[in-house]
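Here the structure is laid out as C-alpha cells; the discussion comes afterwards.
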Amino acid sequence: NLHALSRLFGMPEWEELSVRMLSAMAASLLRVPAAFANWGLLWQKQAYPFYEVVTTGPEARQFSEELMRSIRYPGALFAFSEKDDGGGLPLLEGRFREPETLLYVCRNQTCDLPLRSPAEVLTRYFS
C-alpha cells in the first residue's frame, strides 16, 4: 500500500497522501469497520509506532525470515539485501558492511544503531 511504499522509497509525500485518504474514509470506517478492514489497518499503522526492520549482509534473507516468523506486530515493514546495491531502495542505502550481517530497526527512515542477531531485535523492540 501507499504507506509501505512511502517508507521503502523514502517518499514522505506518499505517506501524507495516505493520511489524507484515511481522513476522508474515517466516518465510513467508524460506521462499518468490517467493510473497510484495510483502512483500519492503515489507521493502526498511524496510531501506533511503525518500524522498518532492515537487514543487510550475507545472512540477510535468513535473519529476515526468522524475524517475520517471530514478530506478531502489525506495524512492521521488513526489507533486506544480501548485496551492497540495496536493490535501489533508499531504506537500504549505506547500511551494508561486508562481511557482517546487520539488522537496523528504524522509525520514519531514521535507524537505531545496528544489531547483529534476530534475538537482539526481538528482545529490544518486540518483547
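Miscellaneous remarks
- Taking 0.36 nm per residue of separation and subtracting the current Cα-Cα distance, fully stretching the chain between residue 107 and residue 72 would add 10.9 nm.
- Compared with the dominant principal axis of the Cα atoms in the chain, helix 60-70 is inclined by about 50°.
- With all protein chains kept in place, the per residue accessible area of the chain amounts to 59 square angstrom at a probe of 1.4 angstrom.
- Among 29, 86, 49 the positive-end extreme of the charge dipole of the chain (Cβ point charges): 29
- Protection-proxy order for peptides 110-122, 19-31, each taking the mean of Cβ atoms within 10 Å per residue, highest first: 110-122, 19-31
- Computed FRET value (nearest 0.05) for residue 47 with residue 116, which takes r as the C-beta separation and R₀ as 35 Å: 0.65
- Sequence-separation-based contact order of segment 37-127, relative, with Cα cut under 8 Å and 6+ spacing, percent: 33 percent
The values are calculated or read from the model by the stated rules, or taken from the named source; none is laboratory data. Everything numeric in this text was worked out from a predicted model, so none of it was measured. Note: ideal-geometry Cβ built from the backbone for every residue, glycine included; neighbour counts use all protein chains shown. Ligands, DNA and RNA are stripped out before the accessible areas are found, and what is left, the full protein with its side chains, is counted by its heavy atoms. Shrake-Rupley method; radii C 1.70, N 1.55, O 1.52, S 1.80 Å.
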